[in-house]
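*Asks:* Please read through the structure below; I'll follow up with questions.
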Amino acid sequence: MIHQICSRPISSASSRREFLYGLGASLGSVAMTNMLAKEAAPSILQNPLAPQAPLNPAKAKNVIMLFMEGGPGHMDTFDPKPKLNQLHKSESKLAAGLETGFKFFVGSPFTFSKVGQSGIEMCDEFQYLRDPEIVNELCNYRGCQAESLNHPEALFHMNTGSRLGADPALGAWATYGLGSSNQNLPGYVVMTENALPQGGSRNWSNGFLPAYHQGTALRPTGSPILDLQSQGYKSRAHQRAALDALGYLNQEHASHHPEHADLAARIESYELAYRMQMEVPEVVAIDDEPEYMKEMYGLNDTDTADFGRQCLMARRLVEKGTRFVQIFSGGWDSHDYLERGHRARIRSVDRPMAALIKDLKQRGMLEDTLVIWTGEFGRTPDNNKRGGVYSIGRGHNANAMTMLMAGGGVKAGSIVGATDEIGAEAVDVKHPIRDFHCTLLHLLGLDDNKLTYFHAGRYKQLSQFGGKVIQELIA
């Protein structure tokens, strides 16, 4: 085999060092890798999104991630700080955040109450999430820390493990490790508002993983996916014949260029699009849901209709076999007008999020579907004067943030970790984002140290250079 893959035959004059160098620097290494891969995992090459067994026993099969872009104030949602109200408008000497000039403490404009059996503290603007059937499923994690104060970098970090935005997203790693249980639907789906989150599609990129694993973005208005219906003059048989002809030509070309993985991904994307035309219209047809379900998700209220529609679609997608769904909700970056901004955003997500958890629970899906509510970082306990005016808002805080989780094997009805008395920094069960990522993979039955991909000369992983599971979060 060695003689077949070398760039030239071995002669008596060739040294061992020259041979090994030639093998590593020429197409010989590509050929060897290709042959070994075909021998090791033929099923994956034939169908890269085929369902795969987890590496370890899994608590969750699917993930629905509700991403509050901009960074919700933890002390204004699920981590109240009475001390801040005492310090309101007094001068702050904290060095955290990006603000300069005269800084002052900002008390929360909201009231809080303890709810559920565990006494989770919740802003009173949340009305639906405090339902005992729902709140007792929640795990409030207060110990996570980000690394960047810049929105795009922080978004990339939370979504891909890298602040550079060129690495695979969480959903891409999930489908790479587990495949997709429904071959007629995308394994990784993303839903946004009309305005994309900062950094755009790099937040759901496949990065260096094969292109099959990139997130499929659904449109926020109109048909979620264009061209779901073929032109009237084109039958399914006509489509199938055209795809078969195109597939034959592509396969012929691919056989001469096995090093171009993107071509195989393109072939599969055509086939997936064909299969999606059969199943996606049924999944996204949420108007067929009964009226009580539309009411529960808030589809009849202009404040909640958009996010409610996306949450309902997320449940339908997961129910049909989609592995990972992300929904982005913007507008949480409240440097000014904190009360007005957060009140509106809380109202827009409260009812749909509560409905999603309740719906999953009633269908017996919550136990193996992990629901996550998070932003890219937290907020500062202070703000800076602007034009001599006390701006009631908050800056960016990478040292403290709050997350909510439900289902999928997390510790229900619990508060894990803590921040200091003014919410400036996490002080208990303190972990970086990479540890949260390792925990997410662990709940899916995956091991961050084993779920690797060889790229640019080394084996890469979601956590970048390793992390540990946050055991306090796991039931």
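The values are calculated or read from the model by the stated rules, or taken from the named source; none is laboratory data. Because the structure is a prediction, the values reported are computed rather than measured. Glycine gets a Cβ as well: all are built from the backbone with ideal geometry, and neighbour counts include every protein chain shown. Surface accessibility is based on the protein's heavy atoms, side chains included, excluding ligands, DNA and RNA. Shrake-Rupley method; radii C 1.70, N 1.55, O 1.52, S 1.80 Å.
*Asks:* How many residues are surrounded by fewer than 17 Cβ atoms within 10 Å (Cβ to Cβ) and in contact with a Phe, Trp or Tyr (Cβ under 8 Å, 6 or more places away or on another chain) when one looks only at the range 443-452?
*Replies:* 1
*Asks:* If you don't mind, another one. Hey, can you tell me all the residues within the range 205-214 that are open to solvent by 10 Å² or more (accessible area, probe 1.4 Å) and either more than 19 Å from Phe454 (Cα to Cα) or part of a helix (DSSP H, G or I) (or both)?
*Replies:* Matches in the range 205-214: Ala211, Tyr212.
*Asks:* Which residues, taken from the range 89-101, are modelled with pLDDT of 90 or more, part of a loop (DSSP other than H, G, I, E, B) and on the phi < 0 side of the Ramachandran plot?
*Replies:* Scanning the range 89-101 gives Ser90, Ser92, Lys93, Leu94.
*Asks:* Starting from the range 399-410, take each residue that is under 9 Å from Cys139 (Cα atoms) and touching a residue at least 60 places away in the same chain (Cβ under 8 Å) and list its partners that are open to solvent by 10 Å² or more (accessible area, probe 1.4 Å) and of a type outside the set (A, V, I, L, M, F, W, C), counting only C-beta distances under 6 angstrom and pairs at least six apart or across chains.
*Replies:* Ala406/Glu137
*Asks:* Shifting gears a bit: What tally of residues in the range 314-353 results from selecting those that are assigned to a helix (DSSP H, G or I), under 27 Å from Gly393 (Cβ atoms) and not β-branched (Val, Ile, Thr)?
*Replies:* Looking only at that region, the number is 14.
*Asks:* Could you count how many residues in the range 367-394 are of a type outside the set (D, E, K, R) and surrounded by 21 or more Cβ atoms within 10 Å (Cβ to Cβ)?
*Replies:* Within the range 367-394, residues that are of a type outside the set (D, E, K, R) and surrounded by 21 or more Cβ atoms within 10 Å (Cβ to Cβ) number 13.
*Asks:* Taking the range 417-458 only, how many residues are farther than 24 Å from Phe78 by Cα and either among the basic types (Lys, Arg) or assigned to a helix (DSSP H, G or I) (or both)?
*Replies:* Adding up the residues that qualify gives 4.
*Asks:* Looking only at the range 119-177, count every residue that is in a strand (DSSP E or B), within 22 Å of Gly330 (Cα to Cα) and among the hydrophobic types (A, V, I, L, M, F, W, C) and tell me the total.
*Replies:* Qualifying residue count for the region: 3.
*Asks:* Which of the residues belonging to the range 88-146 are buried (at least 20 other Cβ atoms within 10 Å of the Cβ) and among the β-branched types (Val, Ile, Thr)?
*Replies:* Of everything in the range 88-146, those that are buried (at least 20 other Cβ atoms within 10 Å of the Cβ) and among the β-branched types (Val, Ile, Thr) turn out to be Val106, Val115, Ile120, Ile134, Val135.
*Asks:* Restricting attention to the range 151-176, which residues are in contact (Cβ under 8 Å) with a residue 24 or more places away in the chain and either surrounded by fewer than 21 Cβ atoms within 10 Å (Cβ to Cβ) or at positive phi (or both)?
*Replies:* Hits for the range 151-176 are His151, Pro152, Gly161, Ser162, Gly165, Ala166.
Here's the yes/no breakdown for (1) of a type outside the set (Ser, Thr, Tyr); (2) open to solvent by less than 10 Å² (accessible area, probe 1.4 Å); (3) closer than 20 Å to Arg219 by Cβ:
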residue: Asp288; (1), (2), (3): yes, no, yes
residue: Thr304; (1), (2), (3): no, yes, yes
residue: Gly308; (1), (2), (3): yes, yes, yes
residue: Glu319; (1), (2), (3): yes, no, no
residue: Phe328; (1), (2), (3): yes, yes, yes
residue: Tyr337; (1), (2), (3): no, no, no
residue: Arg340; (1), (2), (3): yes, no, no
residue: Ala354; (1), (2), (3): yes, yes, no
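*Asks:* I need a count of the residues in the range 46-77 that are under 18 Å from Thr402 (Cβ atoms) and assigned to a loop (DSSP other than H, G, I, E, B).
*Replies:* Residues that pass the stated criteria total 6.
*Asks:* Among the candidates Phe436, Phe465, single out the residue that is out of contact with any helix residue (DSSP H, G or I) (no Cβ under 7 Å at 6 or more places or on another chain), open to solvent by 20 Å² or more (accessible area, probe 1.4 Å) and of a type in the set (A, V, I, L, M, F, W, C).
*Replies:* After applying the criteria, what remains is Phe465.
*Asks:* Now a separate question. Hey, among the residues in the range 215-225 that are among the β-branched types (Val, Ile, Thr) and farther than 13 Å from Ala169 by Cβ, which one's surrounded by the fewest Cβ atoms within 10 Å (Cβ to Cβ)?
*Replies:* Thr221
*Asks:* Sticking with this structure for a sec: Which is modelled with pLDDT of 55 or more and β-branched (Val, Ile, Thr), of Val63, Val30?
*Replies:* Val63
*Asks:* Moving to a separate point now. Note down all Cβ pairs under 9 Å where the first residue falls in the range 447-475 and is farther than 18 Å from Lys430 by Cα, the second is of a type in the set (Val, Ile, Thr) and assigned to a strand (DSSP E or B), and they're at least six residues apart or on different chains.
*Replies:* These pairs meet every condition: Ala475/Val410.
*Asks:* Next question, about the same structure. Being farther than 22 Å from His437 by Cα, of a type in the set (S, T, N, Q) and not in a helix (DSSP H, G or I) is the filter here; which residues of the range 354-397 pass it?
*Replies:* Listed by number, the residues that qualify are Thr380, Asn383, Asn384, Ser391.
*Asks:* Sticking with this structure for a sec: Of (1) out of contact with any Cys (no Cβ under 8 Å at 6 or more places or on another chain); (2) open to solvent by 10 Å² or more (accessible area, probe 1.4 Å); (3) outside any strand (DSSP E or B), Pro80 satisfies all except one. Which?
*Replies:* Condition (1) is where Pro80 drops out.
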